[in-house]
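Data first, discussion second: the structure below is written as structure tokens.
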Amino acid sequence: MSTILIIEQVLNGLQSGVMLFLMAAGLTLIFGVMGLINLAHGSLYMVGAFAAAAVAGVTGSFVLALVAALAAAALAGAVIEVAVIRRLYDSDHLDQVLATFALILIFSEGTRWVFGSFPLFLDIPDALSGPVTLPGGIQYPLYRLALIGVGLLVAFGLWLLIERTRIGIQIRAGENDREMIAALGVDISKLYTLVFALGAALAGLAGALVGAIQSVQVGMGEPVLILAFVVIVIGGIGSIKGAFIGALLVGLTDTLVGIFLPEVLKLFMDAAPATSAGSSIASMSIYILMSLVLIWRPSGLFGARA
Amino acid sequence: KVGMITTLSGGGASLGIDTRDGFMLAMEDANRDDVEVVIEDDQRKPDIAVQLADKMIQSEKVDVLTGIVWSNLAMAVVPAATAQGLFYLSTNAAPAQLAGKGCNSNYFSVSYQNDNLHEGAGAYATQAGFKNTFILAPNYPAGIDSLTGFKRFYEGELAGEVYTKLGQTDYAAEIAQIRASGADSVFFFLPGGMGISFLKQYADSGVDLPVVGPAFSFDQGILQAVGEAAVGVKNSSTWSKDLDNEANAAFVAAFQQKYDRLPSIYAAQGYDTANLLLSAIDKADVNDDAAFAAALKEADFASVRGEFSFAANNHPIQNVYVREVIKEGDVFTNKIVGTALEDHANAYVDACKM
Amino acid sequence: MSRETLFNAALLLGLIAVPAWAVMMDEPFTITLATRAVILALAAAGLNIALGIGGLVSLGHAVFFGIGGYAMGILAHHAQSYTPLMEWPFLIEGTKFMPVIWLLAVVVSAVAAFLIGLMSLRTTGAYFIMITLAFGQMFYYFAISWSTYGGEDGMSIYIRNDFPGLNTLVPIQFYGLCLAILVVVLIFTARLRRSPFGLALNAARQVPARVEAVGMDPMRLKLVAFVISGVITGLAGALFADLNRFVSPTMFSWQFSGEIMILVILGGVGRLFGPVAGAVTFVALEHFLGGITEFWHIFLGLILLAVVLFARGGITGLVAGKEATHD
Amino acid sequence: MSLLSVKSLTASYGVSQALFGVDLDINPGEVVALMGRNGMGKSTTVKAICRMITAGGTLEFAGQNLHALPSHKAARLGLGLVPEGRRCFCDLTVAENLLATSRPGDWDMGRVTQLFPRLGERHSQLSASLSGGEQQMLAIGRALMTNPRLLILDEATEGLAPIIRQEIWSAINRLKQDTDMAILVIDKTLAELEQVCDRAVMLERGKTVWSGAMTALTPDITERYVGV
Amino acid sequence: MTETILATHGITKSFGALKASNDISIDLRPGEIHAIIGPNGAGKSTLIGQICGSLAPDAGRVELMGQDVTGLSTDQRARAGLGRTFQISALAMEDTVLENAILGAMGASGRSWRFWSAALGDRSLRTRAEAALERVGLAESMTKRCADLSHGQRRQLEVAVALTLAPKAFVMDEPMAGLGAEGSKNLTGFLDSLRQEAPILLVEHDMDAVFALADRISVLVYGEVIATGSVDQIRSDPRVREAYLGESA
Ligand SMILES: Nc1ncnc2c1ncn2[C@@H]1O[C@H](COP(=O)(O)OP(=O)(O)OP(=O)(O)O)[C@@H](O)[C@H]1O
Ligand SMILES: Nc1ncnc2c1ncn2[C@@H]1O[C@H](COP(=O)(O)OP(=O)(O)OP(=O)(O)O)[C@@H](O)[C@H]1O
Ligand SMILES: [Mg+2]
Ligand SMILES: [Mg+2]
């Protein structure tokens, strides 16, 4: 196996990690910062992708599609927050689970009702299509490089917002004691609607960006949702930095174990069983990773003490 | 009375909807009042499918079951149904177990045997002179069968053989492997969204080796979502909308007229299944198992796939074609460019003791 | 008698009356549906012990459900094909005898619950939810690629297994068997809740520090609760497999774990009959809504949403009022 | 005109009523003690004023009807709460706690850390790991940082070392002299209240039963209503 | 030397650079109340945590009845005879007062592994719990839910639960916290009588209570015991006045 291939696979792992981060960032904001288990986050991802596909279909513009994805997901998020979630902050997590599960059903079937059962088309913009040659002769799709860039940018922006701005402090304070921060003069309801919309917008953005290289279809959000949960739990709930590291870890593990484990096993056993055993273990790898991390550190890598 | 169990909601709904629409198109064309069809949604969950089968058998008292899209659901329903003396006509799923040792005189696959399209792809790869193919499929029984089927008719070397995670959406790593493997072509079996993702990412990767796959990833319902990325790809199929026969022309026209979209292979198979059933009903009483089975086995109907007959294990003998994805106006679709296998049956005929 | 007791009695009565009616009207499918509801209720009743009393939000209970299912599937598969399950170090044959199947289901679930619990209970809150989910996913992917037993296709068992003295192929007899088990489990749960263990577990959920300070190990209490809970859900899995005469990895899927949890929440967390109310409602909704429209999930979603927003404490809470006190 | 005017205040927790008619007036610059035995409704009164629970009766602050305002708007009129049990934002550092809700005014980071040097030393420690007393200082500092017109101290000296308590009382005395900040104090040590308060209001079973100047507080009144 | 019930030997604990406990050796003798006082953040709660087992010391030993318990977990120490009350009430809020007390009785008698019989029906548990509630004056409130208790009543229940354990030694972290003047006075009286039963290690900022109760006082400053002695010795110790008492005492 050549060094070039290994470098390329590491890049792939990073890139898939960065994409996961986009999804996980919104989730960790909402889950960690607002203390809300939002299973419907995957639906917002789907909303973003569908909005982007619809707008791209009509206008042909990728930029407009992204704007539409952000707007649609943010709007959907704000509506959910005001209509449903707001009533659930005080109730226990389980009610939130049931409510957001119900939202998944409504969103998924609603989307199917509006857009039909067939996957939609969304393609990467011409300007970003095709591969570029990196130093060392690695051919790498430009779009994926762009994704890494966007992801890093969002990560940095969010980190600034949460850790360095007063709004970020207030959001975190609200998570600790909602009633108290209101009693000290912060309009926490508005703040939460905003955060929820922001988290939703990030999910929508992820949906649109990823939708361009994957399939835009009903139910696309659920597998990513699980991965995103894995990411934020590994990183420590509520920590943007944790989500980022967690996403990279998951992305790298998922990619590299899947590729290299069968090769490693082939050193010890026949090719056919090695391939199948290797890929079986690979599909479990991130869950194994998560369990190990949690057994080692019960509140994730960067989680506040539970 | 016919019970149709198929996937109408959730992720895989488009396949079930096409199956249903194709089937019902034939039924409505026949316009008969002695056949009643009950349709239920299995949500792509095996346990629900089993429930529904129970319901159809116990409450609705149907004579014939049909419609299941997925092999794992078929495995959950078919053995129990045929054991209870019902007929099952498969519109799609046709796993190896039901073709070999587990075959049954009451079970007919009107679609194909699951391996057929992969075998066709393998045969085509050989014909096209590929010497070093990279093959990949998801790591589950159908995926493993797929690669086995391909290898059965492919004579060249393998540049690599990879099993991906079921439901995987990012194939960058596999594509990098393909690039590094020195392959001269790629065969993949990635049904549903997996195939869409793979093709889009493949097209964007700069690797431009020829790609072959079974019809599933190039089906009418999916092609629009893949777009440009699929154009030119060869795929193996037992049916195509431009297949030149009378029944097919009529079917395609009627389907388009009624549903305002192009039919898919699932619709075609659904349509054929209905017509086969109708032809048998004309000949025998469904309550007389032996006679009805014999009537079905005659396959005395005009298949949209042209020549069509049943092998000893009640699976079709038919051609497997090679199609190429083209763009017709705004619509992506397929045209036939060759025949991979002629009058092909399946590998399990001998294993079936019926 | 409190309203909750009345509601529970009505539920139980319904579970007897509806199938009885179905037998008279010759509606075997209604019995199948009722059996499904009862088995799901049993699975949820298992979770309810961990979740409702112990506060352990396990999103991995499908593991035990699946283990139960595969215990049935594997034993029956070997019995069906006359191949031994294991030849070394000692010979184990397959069987179609339900009590033996249940025994295996219970033992393996207990072992799995013990090991999973041991590792998971180090974490709390959302971390616990996710680590149990992780174990669920590991089992799921393992089952998918376990080709000996069908992998993703699962396994069909052609004839339902036997129970001495019953003809399990007759729907109402199998139903009776399942209902009997459910009732036994509910009686056990009712006793458990009032027992010293129940009291301690309940306190361990609220104030672990206090429980420790009076000389009990909250971790051990929770672990035992988790094992009991897993065993019951495992048993439900074996029954479910027998109902469908089919097992597949979907029994291990996180969606299924979610569904069990939804049943508990829908019915009312920690309520004795919550799982029953939840399962009956869910199965009924699934059945009737499915017949109305292709997009019935939307309505299911709206109904669930309405329950959360307007009925604190699930359906039991809605019908019987808020509080579930101890006497 | 009084800054805070409370008349016939009633409030309930679910079905159980906690307040049956509390009357309380505070003028700018005044320090008032709210007294009564455990469970008599002192904290409930405070929560009602800060709009953390809904209440009945008259509730006016700076001429505005508080009933019409949500909690955060009430606070912005100039209510600064040090709640019972501290309730620091435990995942935030000391500095973040102070900054989260600060509003511009005389009280800023510098002045608060001058008042409680300990908070300066623990500047970037998570508040969850502060000692009980340090958390109490933080809660007071946090309320001061909102630059309130009425500072409400609900058991604000609980768990503090005597030497710190004295500092707090003397700080309050200084506030009284330097600013016209009004202060409502709930505390248990009568002797210390007497050092700083102008007036006292006694609650019993959710009702105002006595009010008057601190100096008018006789031993038999305190014996009757607070048991000492 | 009189025998000691509870003792620490050279306990040391650091949080990063901060030495929260620095070589602390204190003891508790039969029948006494030993008060620990000290400025906020001096390390009193940290010390209690190490004695009761919720924190592990970096160095040093804890002994109960002459037996080394440093390696034991919290629940094991409780069974060995350590009765603790919490600074912030830790009670099962959804349960009744009686159930909370029974919880204590259960832990003490090791009867938590019964799955079938009703806890409230267990005669011996019940007697034990009721006796403890009686003693702190909560007999009439037995069927109330803990959430409905006033703050003072919760403090009483907190003590009652510790009583059900019939411990060899009590460890109390600020039991007076949040009690009104009258409540403090009553609790002071109660603790005074309790010392006959088992000695009490008492952390408290309420100096009236401490001076009224303590047989000995240890003063903790910056993680170190700077003085130990009788009430009068401590009152007049200038270092203590400077660090803790101020001018008031
Ligand atoms: N969250 C609550 N739910 C139900 N009842 C409550 C709640 N909070 C307080 N109460 C009840 O309301 C009454 C008044 O309580 P409040 O806390 O106002 O008393 P307080 O005067 O502040 O007492 P303390 O000196 O103990 O703080 C008490 O009887 C108490 O039991
Ligand atoms: N987990 C921790 N991490 C870092 N510092 C800690 C931690 N726990 C306690 N501290 C610090 O150790 C010191 C001692 O804390 P401790 O709670 O023992 O004080 P205390 O004597 O009980 O004070 P108080 O009387 O105010 O309750 C404090 O300065 C506190 O900030
Ligand atoms: Mg109070
Ligand atoms: Mg302390």
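The values are calculated or read from the model by the stated rules, or taken from the named source; none is laboratory data. What you are looking at is a predicted structure, and each value in this text was computed from that prediction instead of being measured. Quick reminder, even Gly has a Cβ in these numbers, built from the backbone with ideal geometry, and neighbours come from all protein chains shown.
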Could you list, in sequence order, all residues of the stretch D:156-185 that are assigned to a loop (DSSP other than H, G, I, E, B), surrounded by fewer than 22 Cβ atoms within 10 Å (Cβ to Cβ) and within 16 Å of ligand 2 (Cβ to nearest atom)? D:Leu160
Answer yes or no: is there a residue in the stretch B:59-73 that is in contact (Cβ under 8 Å) with a residue 40 or more places away in the chain, of a type in the set (Lys, Arg) and assigned to a helix (DSSP H, G or I). no
Against the definition (within 21 Å of D:Leu217 (Cα to Cα) and part of a strand (DSSP E or B)), how does D:Leu34 come out, yes or no? yes
Take the residues in the stretch E:137-156 that are within 14 Å of E:Met93 (Cα to Cα) and within 10 Å of chain D (Cβ to nearest Cβ), then tell me which one is farthest from the chain's Cα centre (by Cα). E:Asp148
Only unsatisfied item for E:Met172, checking (1) more than 16 Å from ligand 4 (Cβ to nearest atom); (2) surrounded by 23 or more Cβ atoms within 10 Å (Cβ to Cβ), is (1)
Total residues in the stretch B:97-143, condition outside any loop (DSSP other than H, G, I, E, B) and on the phi > 0 side of the Ramachandran plot: 0
Residues that are buried (at least 24 other Cβ atoms within 10 Å of the Cβ), away from every other protein chain (no Cβ under 12 Å), in contact with a Cys (Cβ under 7 Å, 6 or more places away or on another chain) and under 29 Å from B:Ile48 (Cβ atoms): does the stretch C:222-243 have at least one? yes
Could you list, in sequence order, the residues of the stretch B:245-299 that are in a loop (DSSP other than H, G, I, E, B), free of Cβ contacts under 8 Å to residues at least 60 places away in the same chain, out of contact with any strand residue (DSSP E or B) (no Cβ under 8 Å at 6 or more places or on another chain) and under 28 Å from B:Ser14 (Cα atoms)? B:Asp260, B:Arg261
Every residue from the stretch E:201-223 that is acidic (Asp, Glu) and either within 16 Å of ligand 1 (Cβ to nearest atom) or more than 11 Å from chain D (Cβ to nearest Cβ) (or both): E:Asp206, E:Asp215
Take residues that are away from chain C (no Cβ under 14 Å) and tell me which of the helices (runs of 4 or more DSSP H) falling wholly in the stretch A:32-132 contain 1 or more. A:41-59, A:62-83
Suppose we keep only residues that are in contact (Cβ under 8 Å) with a residue 24 or more places away in the chain and surrounded by 14 or more Cβ atoms within 10 Å (Cβ to Cβ) within the stretch D:124-133. Which one would you say is nearest to ligand 3 (Cβ to nearest atom)? D:Gly132
Residues of the stretch D:79-108 being outside any helix (DSSP H, G or I), at the interface with chain A (Cβ under 9 Å from one of its Cβ atoms) and within 19 Å of the chain's Cα centre (by Cα), which ones? D:Leu79, D:Gly80, D:Leu81, D:Pro83, D:Arg87, D:Cys88, D:Phe89, D:Thr101, D:Ser102, D:Arg103
So for the stretch A:235-248 (the condition being in a helix (DSSP H, G or I) and within 11 Å of another protein chain (Cβ to nearest Cβ)), does at least one residue qualify? no
E:Ser184 meets each of (1) within 16 Å of ligand 3 (Cβ to nearest atom); (2) of a type in the set (Ser, Thr, Tyr); (3) surrounded by fewer than 19 Cβ atoms within 10 Å (Cβ to Cβ) with one exception, condition (3)
All but one of (1) touching a residue at least 24 places away in the same chain (Cβ under 8 Å); (2) touching a Leu at 6+ places or on another chain (Cβ under 7 Å) hold for E:Arg79; state the number of the condition that does not hold. (2)
Only one of these is within 18 Å of the chain's Cα centre (by Cα), among the small types (Gly, Ala, Ser) and more than 16 Å from ligand 3 (Cβ to nearest atom): E:Ala243, E:Ala162, E:Ala227, E:Ala177. Name it. E:Ala162
Would you point out which residue out of C:Leu221, C:Leu263, C:Leu243 is touching a residue at least 12 places away in the same chain (Cβ under 8 Å), part of a helix (DSSP H, G or I) and more than 17 Å from C:Gly52 (Cβ to Cβ)? C:Leu243
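Table: residues versus (1) over 30 Å from D:Leu160 (Cβ atoms); (2) not assigned by TED's automatic domain parsing to the domain that holds E:Gly60.
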{"site": "E:Ser73", "(1), (2)": "yes, no"}
{"site": "E:Gly110", "(1), (2)": "yes, yes"}
{"site": "E:Arg114", "(1), (2)": "yes, yes"}
{"site": "E:Gly121", "(1), (2)": "yes, yes"}
{"site": "E:Ala131", "(1), (2)": "yes, yes"}
{"site": "E:Gln153", "(1), (2)": "no, yes"}
{"site": "E:Met176", "(1), (2)": "no, no"}
Counting just the residues of the stretch D:130-141 that are in a helix (DSSP H, G or I) and at the interface with another protein chain (Cβ under 7 Å from one of its Cβ atoms), which one comes out nearest to ligand 1 (Cβ to nearest atom)? D:Gly132
Which ones in the stretch D:152-169 are within 16 Å of ligand 3 (Cβ to nearest atom) and within 8 Å of another protein chain (Cβ to nearest Cβ)? D:Glu155, D:Glu158, D:Gly159
Mind checking which residues of the stretch B:144-178 are at the interface with another protein chain (Cβ under 9 Å from one of its Cβ atoms) and either in a strand (DSSP E or B) or closer than 20 Å to B:Ser237 by Cβ (or both)? B:Glu161, B:Val162, B:Tyr163, B:Thr164
Evaluate the following for E:Ala90: is it facing chain C (nearest Cβ under 8 Å), buried (at least 18 other Cβ atoms within 10 Å of the Cβ), out of contact with any Gly (no Cβ under 8 Å at 6 or more places or on another chain) and closer than 26 Å to E:Gly189 by Cα? yes
Checking the structure you have, find out if any residue of the stretch D:117-126 is more than 16 Å from ligand 2 (Cβ to nearest atom), within 14 Å of chain E (Cβ to nearest Cβ) and not in a loop (DSSP other than H, G, I, E, B). no
Testing E:Glu130 on (1) closer than 26 Å to E:Ala56 by Cα; (2) more than 16 Å from ligand 4 (Cβ to nearest atom); (3) surrounded by fewer than 20 Cβ atoms within 10 Å (Cβ to Cβ), one condition comes back false. Which one is that? (1)
Quick check on the stretch E:57-78. Is at least one of its residues within 13 Å of ligand 4 (Cβ to nearest atom) and not in a helix (DSSP H, G or I)? no
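Would you mind finding the one in D:Gly41, D:Gly36, D:Gly14 that is away from ligand 3 (no atom under 16 Å from the Cβ) and at pLDDT below 90?
D:Gly14
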Only residues that are charged (D, E, K, R) and closer than 19 Å to C:Glu152 by Cβ: list them for the stretch B:3-53, please. B:Asp42, B:Arg44, B:Lys45, B:Asp47
Residues within the stretch C:124-162 that are more than 14 Å from chain A (Cβ to nearest Cβ) and under 22 Å from the mean Cα position of the chain (by Cα), tallied: 7
